[in-house]
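Encoded as structure tokens, the structure appears first; notes follow it.
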Amino acid sequence: MRHEPLDPKLFTENRARLAKLLPPKSIAVFNANDVLPINADATWPLRQNSDLLHLTGVEQEETLLLLFPDADDEKMREVLFLREPNELNELWEGHKLRKDEAQKRTGIWQVKWTQDFWQVFHRLVCEAERVFLNTNEHKRAACPVQTRDDRFIAEVQRRYPLHTYQRLAPLMHALRLVKSGREVAVIDRACQLTRRGFMRVLKFVEPGKTETDVEAEFAHEFIRGRGRFAYDPIVATGANACCLHYQENAAPLKKGQLLLLDVGAVVANYNSDMTRTIPVSGRFSRRQRAIYNAVLRVLRASTAALKPGLKPKEWQKASEAMMTEELLSLGLLKPSDVKKQTDEKPAVKKYFMHGLGHPIGLDVHDVGDTTQPMEAGWVMTVEPGIYIPAEQMAVRLEDTVLITDRGPVNFMANIPLEADEIEDAMAR
Ligand code: GLY
Ligand code: MN
Ligand code: MN
């Protein structure tokens with residue numbers, strides 16, 4: 001683990017919140033993600049299952065968590081299963097958690113080895129009525145491969161065909177969408193590491209450098225801060241920024257271009273997500289500044305609008321109405337374009353074609369039912385943009401913001417944003 005361990009109370013509290021949602025006599029089982037193969041003998045580094053992280057923080061492969069809040073034997077209400085350390089796996093892969101270490105990290109007293117799972121499970125499941133199992137139900141998830149959860153679900157249903165099976169995903173989505181104070185504090189740390197990367201980049205960018213050079217500057221700060229990239233960073237100069245998920249990050253930076261930076265750090269598995277757009281030469285042209293300020297106004301207004309009770313769909317609609325006005329002022333849309341628009345084809349989509357924001361947490365595009373009104377404790381990104389391939393440029397601005405009953409808390413409020421602030425910081 002690269003980061004300092006988090007306070008185990010974070011996980012203990014999360015498990016307690018889940019236990020309250022489970023009906024009587026329910027067992028819930030969470031699986032680690034698989035270590036995925038690449039080519040030849042290579043594998044990807046493990047990216048742990050986010051629900052398991054939420055409830056235990058354990059980043060180790062082959063981990064299982066069993067929760068049975070009504071178990072007659074109090075000691076068996078929370079059981080963590082870990083891959084047993086041995087000389088060979090530790091020689092090649094490094095240190096594996098000992099039982100006492102896992103207890104300290106997770107707050108779970110009962111720790112067993114993974115190979116003992118079925119024996120323990122059998123004893124407990126005979127006392128249970130319902131079995132809650134996990135699947136990836138993110139709306140946009142595309143998963144053509146069989147996961148560890150898929151295999152587990154098939155196996156447990158083969159062994160115990162007459163139990164009632166239910167879905168953990170709706171419960172986990174509801175829990176994870178509302179962040180605890182402890183989670184919020186870690187997300188803020190990730191945002192502050194993102195800030196450090198960006199401050200470094202502001203002093204670094206100039207014509208002649210490349211997108212790759214800029215990515216390396218962020219990497220330096222993130223790794224030094226014991227974090228990583230939360231997602232593949234987008235470092236896109238000129239027309240490259242019009243590709244929404246641009247990944248190449250290889251082009252030279254040219255005088256007069258805008259450079260779009262969609263880059264966030266992850267710390268202790270909690271993510272941040274930031275976008276800034278800066279002038280390669282250190283000064284915005286008049287046209288660039290006009291477009292920049294249009295996006296900035298939509299960002300500011302959409303951030304201020306975040307409050308409990310607001311439906312994400314209405315929030316999106318309001319931002320599109322604002323953006324339509326901005327695009328008219330910029331001369332990018334004509335009044336006749338707006339007259340012709342339909343609900344299915346709003347004129348604004350030609351220049352602002354993506355969502356205004358998404359929940360963020362243990363996943364960058366975090367789980368949660370966003371058809372529901374917002375609540376205090378949601379952490380959302382706000383990310384309006386204008387994309388103009390004909391002018392070989394795009395501006396997107398993005399902050400990570402907490403919704404509270406007393407108004408939004410912008411974790412990125414201290415990251416330069418006004419055009420003048422950006423120019424000043426680049427001049428220094
Ligand atoms: N960086 C991914 C996003 O902005 O949603
Ligand atoms: Mn982003
Ligand atoms: Mn985002």
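The values are calculated or read from the model by the stated rules, or taken from the named source; none is laboratory data. Predicted model only: the values in this text are computed from it and were never measured. Cβ coordinates were reconstructed from backbone atoms using ideal geometry, including for glycine residues, and neighbour counts include every protein chain displayed. Note: accessible area is taken over every heavy atom of the protein model, side chains too, but ligands, DNA and RNA are not part of it. Shrake-Rupley method; radii C 1.70, N 1.55, O 1.52, S 1.80 Å.
Among the residues that make up the range 353-365, is at least one of them away from ligand 3 (no atom under 16 Å from the Cβ) and over 15 Å from Trp315 (Cβ atoms)? Quick ask: steps written out before the conclusion?
Going residue by residue through the range 353-365, those that are away from ligand 3 (no atom under 16 Å from the Cβ) are none.
No, the range 353-365 contains no residue that is away from ligand 3 (no atom under 16 Å from the Cβ) and over 15 Å from Trp315 (Cβ atoms).
Looking only at residues that are within 13 Å of ligand 1 (Cβ to nearest atom) and farther than 17 Å from Leu397 by Cα in the range 247-267, which one is least open to solvent (accessible area, probe 1.4 Å)?
Residue satisfying both the conditions and the ranking: Val266.
Can you name the number of the only condition in (1) within 15 Å of ligand 2 (Cβ to nearest atom); (2) among the β-branched types (Val, Ile, Thr); (3) touching a Phe, Trp or Tyr at 6+ places or on another chain (Cβ under 9 Å) that Ile386 fails?
Only one criterion is unmet by Ile386, namely (1).
Filtering the range 108-143 down to residues that are among the acidic types (Asp, Glu) and over 29 Å from the mean Cα position of the chain (by Cα), which residue is most open to solvent (accessible area, probe 1.4 Å)? Talk me through it step by step, then tell me what you get.
So the first thing to find is which residues in the range 108-143 are among the acidic types (Asp, Glu), and the list is 116, 127, 129, 137.
With the extra rule that they be over 29 Å from the mean Cα position of the chain (by Cα), the set shrinks to 116, 127, 129.
Details: Asp116: 52, Glu127: 63, Glu129: 105 Å².
Step by step, filter the range 108-143, then rank; the result is Glu129.
State all residues of the range 256-269 that are part of a loop (DSSP other than H, G, I, E, B), closer than 19 Å to Cys242 by Cβ and out of contact with any Phe, Trp or Tyr (no Cβ under 7 Å at 6 or more places or on another chain); if no residue qualifies, say none. Break it down into steps so the answer makes sense when it comes.
Quick first cut of the range 256-269, residues part of a loop (DSSP other than H, G, I, E, B) only: 256-257, 263-264, 268-269.
Now restrict to residues that are closer than 19 Å to Cys242 by Cβ: 256-257, 263.
Gly256, Gln257 - these are the residues of the range 256-269 that are part of a loop (DSSP other than H, G, I, E, B), closer than 19 Å to Cys242 by Cβ and out of contact with any Phe, Trp or Tyr (no Cβ under 7 Å at 6 or more places or on another chain).
For residues in the range 315-333 being within 16 Å of ligand 3 (Cβ to nearest atom) and farther than 14 Å from Arg297 by Cα, which is least open to solvent (accessible area, probe 1.4 Å)? Even if it seems obvious, please write down each step before you answer.
First, pick out the residues of the range 315-333 that are within 16 Å of ligand 3 (Cβ to nearest atom): 315-316, 319.
Retained after the next criterion (residues that are farther than 14 Å from Arg297 by Cα): 315-316.
Values: Trp315: 11, Gln316: 38 Å².
By that ranking, first place goes to Trp315.
Starting from the range 397-420, keep only residues that are loosely packed, with under 14 Cβ neighbours inside 10 Å, then list their pairs with residues that are part of a strand (DSSP E or B) and not small (Gly, Ala, Ser) whose Cβ atoms are within a distance under 8 Å, requiring at least 6 positions of separation or different chains.
Taking only residues 6 or more apart or on different chains, the pairs are Ala413/Asp399.
Of all the residues that make up the range 205-246, how many are away from ligand 1 (no atom under 16 Å from the Cβ), among the acidic types (Asp, Glu) and within 27 Å of Val382 (Cβ to Cβ)?
Total meeting the criteria: 2.
The rows are residues; the columns are (1) farther than 19 Å from Asn249 by Cβ; (2) of a type outside the set (Gly, Ala, Ser).
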| site | (1), (2) |
| --- | --- |
| Val184 | yes, yes |
| Thr194 | no, yes |
| Met199 | yes, yes |
| Pro207 | no, yes |
| Thr212 | no, yes |
| Phe218 | no, yes |
| Arg224 | yes, yes |
| Gly227 | no, no |
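For the range 270-285, how many residues are within 16 Å of ligand 2 (Cβ to nearest atom), part of a loop (DSSP other than H, G, I, E, B) and touching a helix residue (DSSP H, G or I) at 6+ places or on another chain (Cβ under 6 Å)? Let's see the steps before the verdict.
Step one: of the range 270-285, the residues within 16 Å of ligand 2 (Cβ to nearest atom) are 270-278.
Now drop any that are not part of a loop (DSSP other than H, G, I, E, B), which leaves 272-274.
Now drop any that are not touching a helix residue (DSSP H, G or I) at 6+ places or on another chain (Cβ under 6 Å), which leaves 272, 274.
The total comes to 2.
Looking at this structure, is Gln192 surrounded by fewer than 22 Cβ atoms within 10 Å (Cβ to Cβ) and in a strand (DSSP E or B)? Before the answer, list the steps.
Working: surrounded by fewer than 22 Cβ atoms within 10 Å (Cβ to Cβ): yes; in a strand (DSSP E or B): no.
So Gln192 fails the test.
Take the residues in the range 350-374 that are away from ligand 1 (no atom under 11 Å from the Cβ) and among the aliphatic types (A, V, I, L, M), then tell me which one is surrounded by the most Cβ atoms within 10 Å (Cβ to Cβ). Steps first, please.
Initially, the range 350-374 is screened for residues away from ligand 1 (no atom under 11 Å from the Cβ), giving 350-353, 361-362, 367-374.
If we keep only those that are among the aliphatic types (A, V, I, L, M) as well, we get 353, 362, 367, 374.
On the way: Met353: 11, Leu362: 23, Val367: 25, Met374: 21.
Only one residue tops the list, namely Val367.
I'm trying to understand the selection: among the residues of the range 268-281, which are more than 16 Å from ligand 3 (Cβ to nearest atom) and open to solvent by less than 10 Å² (accessible area, probe 1.4 Å)? Walk me through it before giving the result.
Initial filter on the range 268-281 (more than 16 Å from ligand 3 (Cβ to nearest atom)): 268-269, 278-281.
The answer is Ala268, Ile278, Pro279, Val280.
Within the set of pairs 6 or more residues apart or between chains, which connect a residue that is more than 15 Å from Ile403 (Cα to Cα) inside the range 163-184 to a residue that is of a type in the set (Ser, Thr, Tyr) and open to solvent by less than 20 Å² (accessible area, probe 1.4 Å) with Cβ atoms less than 8 Å apart?
Matching pairs, first to second residue: Gln166/Ser26.
Could you please give the count of residues in the range 79-102 that are out of contact with any strand residue (DSSP E or B) (no Cβ under 6 Å at 6 or more places or on another chain) and either acidic (Asp, Glu) or open to solvent by 30 Å² or more (accessible area, probe 1.4 Å) (or both)? I'd like the intermediate steps shown before the answer.
First, the residues of the range 79-102 that are out of contact with any strand residue (DSSP E or B) (no Cβ under 6 Å at 6 or more places or on another chain): 82-83, 85-96, 98, 100-101.
Retained after the next criterion (residues that are either acidic (Asp, Glu) or open to solvent by 30 Å² or more (accessible area, probe 1.4 Å) (or both)): 83, 86-88, 90-93, 95, 98, 100-101.
Qualifying residue count, the range 79-102: 12.
When both residues are 6+ apart or on different chains and their Cβ atoms are under 6 Å apart, which pairs have a first residue that lies in the range 107-131 and is under 16 Å from Gln157 (Cβ atoms) and modelled with pLDDT of 95 or more, and a second that is basic (Lys, Arg) and open to solvent by 20 Å² or more (accessible area, probe 1.4 Å)?
Every condition considered, the pairs that remain are Ala128/Lys25; Glu129/Lys25.
Please list, ordered by first then second residue, the pairs with beta carbon atoms under 6 Å, 6 or more apart or interchain, first in the range 40-69 and over 18 Å from Lys96 (Cβ atoms) and in contact (Cβ under 8 Å) with a residue 40 or more places away in the chain, second of a type in the set (Val, Ile, Thr) and outside any loop (DSSP other than H, G, I, E, B).
Hits for this filter: Leu66/Val29; Leu66/Val79; Phe68/Ile27.
State whether one or more residues within the range 334-348 are within 16 Å of ligand 3 (Cβ to nearest atom) and either without any contact (Cβ under 8 Å) to a residue 24 or more places away in the chain or open to solvent by less than 70 Å² (accessible area, probe 1.4 Å) (or both). Walk me through how you get there before you give the answer.
Within the range 334-348, the subset within 16 Å of ligand 3 (Cβ to nearest atom) is none.
The answer is no, given that none of the residues of the range 334-348 is within 16 Å of ligand 3 (Cβ to nearest atom) and either without any contact (Cβ under 8 Å) to a residue 24 or more places away in the chain or open to solvent by less than 70 Å² (accessible area, probe 1.4 Å) (or both).
Taking only pairs six or more apart or across chains, which ones have beta-carbon atoms under 9 Å, a first residue in the range 8-26 that is within 17 Å of Val178 (Cβ to Cβ), and a second residue that is open to solvent by less than 40 Å² (accessible area, probe 1.4 Å) and charged (D, E, K, R)?
Here the result reads Leu10/Glu183; Asn14/Arg176; Asn14/Glu183, each pair linking the range 8-26 to a residue that is open to solvent by less than 40 Å² (accessible area, probe 1.4 Å) and charged (D, E, K, R).
Pull up the range 375-389, narrow it to residues that are in a loop (DSSP other than H, G, I, E, B) and away from ligand 3 (no atom under 16 Å from the Cβ), then point me to the one that is surrounded by the fewest Cβ atoms within 10 Å (Cβ to Cβ). Break it down stepwise before answering.
Narrowing the range 375-389 to residues in a loop (DSSP other than H, G, I, E, B): 375-378, 383-384.
Next, only the ones that are away from ligand 3 (no atom under 16 Å from the Cβ) stay: 375-377.
Working: Glu375: 17, Ala376: 14, Gly377: 17.
Within the range 375-389, the match that is surrounded by the fewest Cβ atoms within 10 Å (Cβ to Cβ) is Ala376.
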